Amino acid sequence: MAQVEATTERVVAADAEKVFDALADYSGTRQQLLPEHFSEYEVREGGDGEGTLVHWKLQATSKRVRDCLLEVGEPTEGELVEKDRNSSMVTTWRVTPAGEGKSRVVVTTTWTGAGGIGGFFEKTFAPKGLGRIYDAILANLAAQVEK
């Protein structure tokens, strides 16, 4: 079983604090950023960054639906880490300044992939599919904070 990783980034025309606050707002803004691949969104505890417990289902492909129950932490400034209680999946959102009135958002998800031939296909194709989903989230984020 190999580690699988998907990383996507985007420069957003808004200051880092505003961008981070939007991402950390699980009880408000975050749900609005999610594309059609997400369903059953529910904040179960907290709702703003550290200490939040949020649930959703992620349908990455027509056959693959992942039931996610995520604990949110903020280990360093400008960083949100979502650890799935139901799997090995960990998603890290990093927001850093990228010049005057801009910020860079990098999202990285890692998980322990399947073994054998299934694992080969997962490692080959899953990062691309997840990258497309994150591109949509980041586009929605930019539209939200660049207003």
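Mean residue ellipticity at 222 nm, helices only, the chain: -10000 deg cm²/dmol; runs of at least 4 DSSP H residues each add -39,500 (n - 2.57), and the sum is divided by the number of residues.
Normalising the average separation of contacting C-alpha pairs (under 8 angstrom, six or more residues apart) by the number of residues puts the relative contact order of the chain at 33 percent.
Annotation: aspartates and glutamates with alpha-carbon distance below 18 angstrom to LYS123 (same-chain offsets under eight excluded): GLU5. Once you have a ≥ b ≥ c as the square roots of the Cα gyration tensor eigenvalues for the stretch 75-132, tell me rounded if a/c is under 1.5, and otherwise prolate or oblate according to whether a/b is larger than b/c. It comes out oblate by the Cα gyration axes. Net charge dipole, the stretch 74-144: roughly 240 debye, given to the nearest 20, about the Cα centre with Cβ charges of +1 for Lys and Arg and -1 for Asp and Glu. The modelled label-to-label distance for the pair GLU42/GLU100, using points 7 Å beyond Cα in the direction of Cβ, is 4.8 nm. What aspartates and glutamates could a cross-link reach from LYS102, if we take a straight Cα to Cα line under 19 Å and drop same-chain neighbours fewer than 8 places away? By straight Cα distance, LYS102 reaches GLU9, ASP15, GLU17, ASP21, GLU77, GLU79, ASP135, GLU146. When the Gaussian network model of the chain links Cα atoms closer than 10 Å, the mean-square fluctuations of SER39, SER62, SER87 top out at SER62. Among the listed pairs LYS18/LYS63; LYS63/LYS147; LYS18/LYS83, those with a Cα-Cα distance over 32 Å are LYS18/LYS63; LYS63/LYS147. If you take mean projected area of the Cα convex hull in nm² from the coordinates, which of (i) 10.3; (ii) 8.3; (iii) 11.1 do you get? Of the listed options (i) 10.3; (ii) 8.3; (iii) 11.1, (ii) comes from this structure.
For the chain, a simple Cβ point-charge model (Lys and Arg +1, Asp and Glu -1, everything else neutral) yields a dipole of about 720 debye relative to the Cα centre.
None of the figures in this text is laboratory data; all of them are computed from the coordinates on show. Please read all numbers here as calculations on a predicted model, not as lab measurements. A quick note on method: Cβ atoms are made from the backbone with ideal geometry, for glycine too, and the neighbour counts reach across all protein chains shown.
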